[in-house]
Amino acid sequence: MTEVVEMTREGKEELEAELEHLVTVERKENAERLKIAISYGDLSENAEYDAAKEAQAETEQRINEIEAMLRTAKVVGDDDLADDVAGIGRRVTVKNKATGEEETYTIVGITEADPFSGKISKDSPVGSNLDGHRVGDMVEFVTPGGEVKYEVLKIEKA
């Protein structure tokens, strides 16, 4: 059974754009680099050839990964979740009860996660524990950094 990959519409569009770039631009660039490297002769001691082959393999691997994700993608849209419930596609503001600090997270699919931009995966410790909660809910859970207690302050569409 194939695992469904949940993502936002934006996340799917970003993957499709990356795939298009890899197929139409990167593949051609890799082929040109290989052609040039082969023209240098003796492939057994040709660093340019080895680098070009490695770049080609990395590009093909990423193309295969994206195609697999898109085959099993389920876009989670606004109609899939009530406006006042935390989940994929929602920006959730919480208050850390221990520190009093407020933090805002955008919950996204696993392929879109970027913690440095405030985008956390629904499958992450924070995302999975916020999922399904509403404004006013108290959420307690354990993270790799220790025990956390949040109060959900605001939920909005991302």
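The values are calculated or read from the model by the stated rules, or taken from the named source; none is laboratory data. Everything quoted here is computed from the prediction, not taken from an experiment. No Cβ is skipped: glycine too gets one built from the backbone with ideal geometry, and neighbour counts run over all protein chains shown. What goes into the accessible areas is simple: the full protein's heavy atoms, side chains included, and nothing from ligands, DNA or RNA. Shrake-Rupley method; radii C 1.70, N 1.55, O 1.52, S 1.80 Å.
Remind me, what semi-axes does the stretch 1-137 give for its equivalent ellipsoid, largest first in whole Å, using sqrt of 5 times each Cα gyration tensor eigenvalue?
42, 17, 11
Run lengths n ≥ 4 of DSSP H only: what is the helix-derived mean residue ellipticity at 222 nm for the chain, with -39500 (n - 2.57) per run over all residues, to the nearest 500?
Values: 4 runs with 57 residues, N = 158.
Dividing the helical sum by the residues of the chain leaves -11500 deg cm²/dmol.
What stretch of the chain, leaving out the sites themselves, is the longest with no GluC sites (Glu not before Pro) in a DSSP loop having at most 13 other Cβ atoms within 10 Å? It would help to have the intermediate numbers written out before the result.
Values: sites that count: Glu3, Glu101.
It runs 4-100.
Using 0.36 nm per residue, how much length does the chain from Glu48 to His21 gain when fully extended, once their Cα-Cα distance is taken away?
Working: separation 27, 0.36 × 27 = 9.72 nm, distance 2.28 nm.
My answer for the length gained is 7.4 nm.
Evaluate the distance, in nm, between pseudo-label points positioned 7 Å from the Cα of Leu153 and of Asp84 along their respective Cα→Cβ axes.
For Leu153 paired with Asp84, the spin-label model returns 1.9 nm.
Given N residues in the stretch 85-157, what is its alpha carbon radius of gyration divided by 2.2 N^0.38 Å? Each step should come with its number before you reach the end.
Working: Rg = 11.0 Å, N = 73, 2.2 N^0.38 = 11.2 Å.
The reported ratio for this selection is 0.97.
Using a 1.4 angstrom probe on heavy atoms only, work out the carbon and sulfur share of the accessible area of the chain in %.
Values: 4610 of 9700 Å².
After summing per-atom areas, the C and S share lands at 47 percent.
Relative contact order, percent, of the chain when contacts are C-alpha pairs under 8 Å separated by at least 6 residues?
Details: 253 pairs, mean separation 37.3, N = 158.
For the chain, the relative contact order is 24 percent.
Keeping every protein chain present and rolling a 1.4 Å probe, give me the accessible area per residue for the chain in Å².
Values: 9700 Å² over 158 residues.
I get 61 Å² per residue for the chain.
Taking 31 Å as the cut-off for C-alpha to C-alpha distance, list the pairs among Lys97/Lys157; Lys12/Lys97; Lys12/Lys154 that go past it.
Details: Lys97/Lys157 24 Å; Lys12/Lys97 35 Å; Lys12/Lys154 26 Å.
Flagged as over cut-off: Lys12/Lys97.
Only bridges whose two residues both fall in the stretch 85-157 count here: according to DSSP, what percent of them are antiparallel, nearest 5? Present the calculation step by step, with values, prior to reporting the outcome.
Working: 19 of 22 bridges.
Among the beta bridges of the stretch 85-157, antiparallel pairing accounts for roughly 85 percent.
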